[in-house]
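**Student:** If you scroll down you'll find the structure; I have some questions about it.
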Amino acid sequence: MRNAVILGSGCAGWTAALYLARANLKPLVLTGAQTGGLLTTTSIVENFPGFPQGVDGTALMSQMMEQAQKFGAEVEFGVTADEVIFGKPAHKIRAGNRTIETRTLIVSTGAGHRHLDVPGEKELETKGVTYCATCDGALPMFRNQPLVVVGGGDSACEEATFLTRFASTVYLVHRRDQLRASRIMAERALGNAKIKPVWNSVVESVEGLAQGKVTGVKLKDTATGKSSVLPCAGVFVAIGHVPNTKIFAGKLRMDEAGYLQLGPGSRTNVEGVFGAGDCADRVYRQAITAAGMGCMAAIDAERYLAG
Ligand code: NAP
């Protein structure tokens, strides 16, 4: 039986692994499908303390992994938990055809991209609809073309700014007339001559089914109720995230949106099970806060084991 298993390999997971490894508890990290988590889909992280020049998201995650491994954390890449059966003295994690038993479990499964849920979105995914500018922005199909970014938060502003390197014009489509993004990100985006905001507009559908690729988005003006088509070659959806906690529904305490509810500290409602990072944080959702939560979960798990 293991002392500690960590689900997820974002900032929270690696930090928990580092602390538990240094406590000599030989944690096992199941990385999930995307090693390094969502931060590996961003470009330069400018607000992680200690990096005045910024740091590449993927590089930061691999350094965190290396640091955890240096102290003895074990890692299984690409492994995702299908089910967890809580019990005493062991929680059982089913992953594929294996079962892993552990005294403590840290759930740091992060969050995934929220979808628009409009006609054409699913059908045209990889044919012009994408959720990651860093991953897909440089594709030939988007070069010198008009592109649409949907959303008004930091992600939308970051994606729009990044895409100006490739696009002829970037339309930033937002459902209100004011961005939610932090001031610095909003000013950077709105100050870019290539970015044109489209206010008070919601996407009704993604166009291009007949052509087999995105040709535009149908927008509805929320003020006038009028619909119009905005031609574009790509739709970058950046409207927030949903926590990856589906397998814990009905088992771990969570809010209506699926974020784990913790406390005291990082404890969930199940003994020996702790939560950390974006799957348990609907407020801050920063790399640094996830790392801090990973540290808290590791310390709580360590004390639980000692007790
Ligand atoms: P977010 O802050 O939750 O913003 C989501 C945006 O999408 C909001 O503007 C929201 O509109 C809009 N939206 C939500 N559902 C929608 C729908 N169904 N249709 C149309 N629009 C919809 O998400 P985020 O931008 O991904 O940021 C998440 C967290 O990561 C934040 O805490 C952010 O600060 C952080 N982040 C930081 C950085 C950075 O500092 N470098 C970069 C990226 C993200 P409303 O405004 O009307 O609600």
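Readers should treat all values here as calculations from the given coordinates under stated rules, not as data from a laboratory. The model shown is predicted, which means the values in this text are computed figures rather than measured ones. Every residue, glycine as well, gets a Cβ built from its backbone with ideal geometry; the counts of neighbours run over all protein chains shown.
**Student:** Between Tyr171 and residues 5 or more places away or on another chain, which pairs have amide H atoms under 5 Å apart, with H built 1.01 Å from N, and which residues are they?
**Tutor:** Residues meeting the criterion, in which the H sits 1.01 Å from N, are Leu147, Val148, Val149, Lys196.
**Student:** Take every DSSP beta bridge with both residues inside the chain and express the antiparallel ones as a percent of the total, to the nearest 5.
**Tutor:** Here the share of antiparallel DSSP bridges comes out near 45 percent.
**Student:** Sticking with this one: So if each residue of separation counts as 0.36 nm, and I subtract the Cα-Cα distance between Phe51 and Val242, what length gain in nm does that give?
**Tutor:** Here the answer is 65.9 nm.
**Student:** 7 Å from Cα along Cα→Cβ at both Asn269 and Ala138: what's the point-to-point distance in nm?
**Tutor:** 4.7 nm
**Student:** Here's something else I'd like to know. Please list, in order along segment 195-206, the HN-Hα scalar couplings obtained from phi with the Karplus expression 6.51 cos²θ - 1.76 cosθ + 1.60 (θ = phi - 60°), rounded to whole Hz, x for Gly and Pro.
**Tutor:** 9, 10, x, 10, 7, 6, 9, 10, 7, 8, 6, 9
**Student:** Which residue, Asp82, Asp56, Asp278, tops the fluctuation ranking in a GNM of the chain built on C-alpha contacts under 10 Å?
**Tutor:** In the Gaussian network model the winner is Asp82.
**Student:** Another question about this same structure. If you build a Gaussian network model of the chain, linking Cα atoms that sit under 10 Å apart, which residue out of Arg98, Arg114, Arg143 swings the most?
**Tutor:** Greatest mean-square fluctuation among the candidates belongs to Arg98.
**Student:** Further question on the same structure: Taking 2.2 N^0.38 Å as the expected size of a compact globular protein, what ratio does the Cα radius of gyration of the chain give against it, to two decimals?
**Tutor:** 1.08
**Student:** Compare the peptides 206-218, 230-242 by average per-residue count of other Cβ atoms within 10 angstrom and give them in order, highest first.
**Tutor:** Ranked from most to least packed, the peptides come out as 230-242, 206-218.
**Student:** For the chain, give the magnitude of the charge dipole about the Cα centre (Cβ charges: +1 Lys/Arg, -1 Asp/Glu; no others), in debye to the nearest 20.
**Tutor:** Here the size comes out at about 160 debye.
**Student:** Can you give me the Rg/Rh ratio for segment 115-237, using Cα atoms for both radii and the Kirkwood formula for Rh?
**Tutor:** Dividing the radius of gyration by the Kirkwood radius yields 0.94.
**Student:** Once whole DSSP H runs in the chain are found, which of them have Cα atoms spread over 15 Å or more along the helix axis and a mean Kyte-Doolittle score of at least 0.0?
**Tutor:** Both cut-offs are met by 11-22, 287-306.
**Student:** Need the list of aspartates and glutamates near Lys246 for cross-linking: C-alpha distance under 19 angstrom, and skip anything on the same chain fewer than eight residues off.
**Tutor:** Once the sequence-local aspartates and glutamates are set aside, what remains near Lys246 is Asp82, Glu83, Asp117, Asp255, Glu256, Asp278, Asp281.
**Student:** Continuing with this model, one more query. How much FRET efficiency would the formula 1/(1 + (r/R0)^6) give for Glu123 and Ile184, where r is the Cβ-Cβ distance and R0 is 35 Å, rounded to 0.05?
**Tutor:** Efficiency at R0 = 35 Å is approximately 0.45.
**Student:** Using a 7 Å offset from the Cα along the Cα-to-Cβ direction at both Arg176 and Arg114, what is the distance between the two label points in nm, to one decimal?
**Tutor:** My value for the distance between the label points is 1.2 nm.
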